[in-house]
1. Please find, among W314, W327, W360, the residue that is surrounded by 14 or more Cβ atoms within 10 Å (Cβ to Cβ), of a type in the set (F, W, Y) and within 22 Å of P40 (Cβ to Cβ).
2. Conditions: (1) assigned by TED's automatic domain parsing to the domain that holds P89; (2) buried (at least 16 other Cβ atoms within 10 Å of the Cβ); (3) free of Cβ contacts under 8 Å to residues at least 60 places away in the same chain; (4) of a type outside the set (S, T, Y). I386 meets all but one. Number of the miss?
3. For the stretch 167-189, give me the residue count where each residue is hydrophobic (A, V, I, L, M, F, W, C), surrounded by fewer than 19 Cβ atoms within 10 Å (Cβ to Cβ) and either part of a helix (DSSP H, G or I) or not assigned by TED's automatic domain parsing to the domain that holds R282 (or both).
4. Being touching a strand residue (DSSP E or B) at 6+ places or on another chain (Cβ under 7 Å), within 18 Å of M490 (Cβ to Cβ), outside any helix (DSSP H, G or I) and of a type in the set (A, V, I, L, M) is the filter here, so list the residues in the stretch 427-454 that pass it.
5. How many residues does the stretch 355-396 contain that are among the polar types (S, T, N, Q) and part of a helix (DSSP H, G or I)?
6. Here is a check on your reading of the model: is A263 closer than 11 Å to F47 by Cα and assigned to a helix (DSSP H, G or I)?
7. Do we find a residue being touching a residue at least 12 places away in the same chain (Cβ under 8 Å), out of contact with any helix residue (DSSP H, G or I) (no Cβ under 6 Å at 6 or more places or on another chain) and within 19 Å of P553 (Cβ to Cβ) anywhere in the stretch 422-445?
Amino acid sequence: MHHQDAATSVAANAHGPYRADIDGLRAIAVVGVLLYHAFPTLLPGGFVGVDVFFVISGFLITRVILDGLDQSRFSIGDFYARRVRRIFPALLLVLAACFAFGWKTMLAEDLAHLGKQTAGGAGFIANLVLWSEAGYFDIASASKPLLHLWSLGIEEQFYLAWPLLLWAAWRMRLPLMPVIIATAVASFLVNLHYQNGNPTAAFYSPLSRAWELMIGGMLAHWSSAQGARERTWWAARLSRSGVAMPAETAARVRACAAWVGVALLVIAMLSIRSTMPFPGVRALLPTLGTALLIGAGPSTPVARWILSSRPFVWIGLISYPLYLWHWPLLTLARNAYGDLSTLDRAGLLLASVVLAWLTWRLVERPLRSSRRGGLKVAALLVGMAIIGVLGYKTWKNAGYPSRYPEIIQRATEYDLEAYRAGLRNHICFMEMGENADKYAPECVDQGTQPLWVLWGDSSAASLYTGIRGLQQRSGKMRLAQFTSSACPPMAGFAGPNPACTYNNDWALASIARLKPDTVLMAAMWHEYDKANLPATLARLKALGVRRVVMLGPPPSWKDTPSRIVFNLWRDDPLHATPPPRLDYTKYGMGQDAAAGGADYRTATAEVLLRDLAKQTGVEYISLTEVLCNEDGCLTRSDSKSGETFYLDIVHLTPAGSRFTADLIAKQLLQDSP
């Protein structure tokens, strides 16, 4: 994000007097974002600092444009050249550093994602890239080192469009304040529209965020030479109404407005949560709070005592590189070492401050000056184009897995399309919110052999490839698959998937109609409340199902096994190929502790499911038992094979599904009619 439209340059170029309080406001914004990212429970709404930056940028940039137009010296080319000199240096450095680090340390899957993010960041379309990626199988946001560049994308898109729109309105002699207000209102309505039907678009779309920058634009116009007419008109109206305020009263009003602005920011940062719909109406809290602080001016007690103080101004001056550095440091460290301690995160924030200051002092300041400006702009454009093309080629070449040996390439392969095909995605596996009525006819095999129904969540769907292989080899049965995301096979279960209750009722109704011989129930059991499971088992028995088999959860991991394997190979001095079994006590997810009030331990689920199977007379087959022994749990078939069993921390690949099904084939087929 370009928050460093340095106020000193504004003064130097006669775009209004330098306001130290705006640098102080930047400090509040960036500290809010940093604390939210490092310590989210401490400041749950700190992410609204981005909205503070939007208003500041809208104010400063609009003021620059209006002053240039008023003095008949505004040049589109000069405007963009200044943006390049101020935005590109720090961004180019951070992109290059992240890419170099990723090339040396990341497996192909992660480097490919980083390449895509790098290209998006270099092209100032990171928000659009993230918008397109949002989905069930997308990698978690917390693992994207350049996630934070979405806000920079929105600002850059504003910088590209807004000068042209204002210049055109100026040339057509249109009154500019109505143009700014109309743009803000239209954008706010788009924001509300998206909020109801497409919250991802509401968050990432420049159309739904422009109103925040327009709030700053209104302030800029009001305080500009063009706004003198409006100010004079309002002053005359107030004077005629007998409510004109003396200077002392006006100063008190400004002081009160500034304190109200502070209160709005504090309320926003303490009360807004990332789980709430945003931006929407809630974004009015930080944006109006910022507008009040800017509009109140630099002479209020808040501005003089707090915002213009040396610590606030210093942080504000380095806020742009600080914003750029902090998130990659937190993310890359978390990806490399797992969960970070409080001390680790505090240390990384301190390191980001040091890097930000060095970047500002040694890179930004020298390149921001206008001396040899044309040459600097050309060099920065070429540099950004190179890093963008490099990122794009890395993404297109799947992260260059040829950087390491073939067995490691195969052990770390990430084949999402093959995985989706193995699930029969959107055919017999419904993603979040998708209704069971969409199941295709092919989800139930035709024929006269006994019917087996595979019922459960994405973990069950990932077992389909293996179960299908058993069916084809044995010829003893036909298959039906009813699987749905985040939806364990339990009647009445209501989880994050809004379609889950309906889909499970649909599956039970289908079981009653189809009268299958066997029902295979599978899920990531350790992640769900299993209170409804006994009643569901009883219902299946009451429906006349001869054989009910609960399949236990596969081993689940603290990190993707492919990444663990890659890190072990990379860190080994001799680059020895890691064994096919990984230490589950060390790398297994939630093996020795409960988390967040829910018990995610595989072992706990095993005990509960075994006991329940005995009580209800159903069968239980443990996948953990067949995949693990005292040496650890399998992530590949043997030391010579590189084909990975896991797509992520818990979902089996088609290879893992086939191998696991073969291990339990005897148990599954022993009681077949």
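1. Being surrounded by 14 or more Cβ atoms within 10 Å (Cβ to Cβ), of a type in the set (F, W, Y) and within 22 Å of P40 (Cβ to Cβ) holds for just one of W314, W327, W360, which is W327.
2. Exception for I386: condition (2).
3. We begin by selecting, within the stretch 167-189, every residue hydrophobic (A, V, I, L, M, F, W, C); these are 167-170, 172, 174, 176-177, 179-182, 184-186, 188-189.
Subsequent filtering for residues that are surrounded by fewer than 19 Cβ atoms within 10 Å (Cβ to Cβ) retains 167-170, 172, 174, 177, 181-182, 185-186, 189.
Adding the requirement that they be either part of a helix (DSSP H, G or I) or not assigned by TED's automatic domain parsing to the domain that holds R282 (or both) leaves 167-170, 177, 181-182, 185-186, 189.
Summing the residues that are hydrophobic (A, V, I, L, M, F, W, C), surrounded by fewer than 19 Cβ atoms within 10 Å (Cβ to Cβ) and either part of a helix (DSSP H, G or I) or not assigned by TED's automatic domain parsing to the domain that holds R282 (or both) in the stretch 167-189 gives 10.
4. M430, V453, L454
5. 2
6. Against the criterion (closer than 11 Å to F47 by Cα and assigned to a helix (DSSP H, G or I)), A263 does not qualify.
7. no
Every residue, every condition in (1) hydrophobic (A, V, I, L, M, F, W, C); (2) at pLDDT below 95, yes or no:
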| residue | (1), (2) |
| --- | --- |
| T287 | no, no |
| L292 | yes, no |
| G297 | no, yes |
| G316 | no, no |
| W327 | yes, no |
| L355 | yes, no |
| L358 | yes, no |
| R361 | no, no |
| S369 | no, yes |
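The values are calculated or read from the model by the stated rules, or taken from the named source; none is laboratory data. What you see is a predicted model, and the numbers here were worked out from it, not measured in a lab. For neighbour counting, all protein chains shown are included, and Cβ atoms are generated from backbone atoms with ideal geometry for every residue, glycine included.
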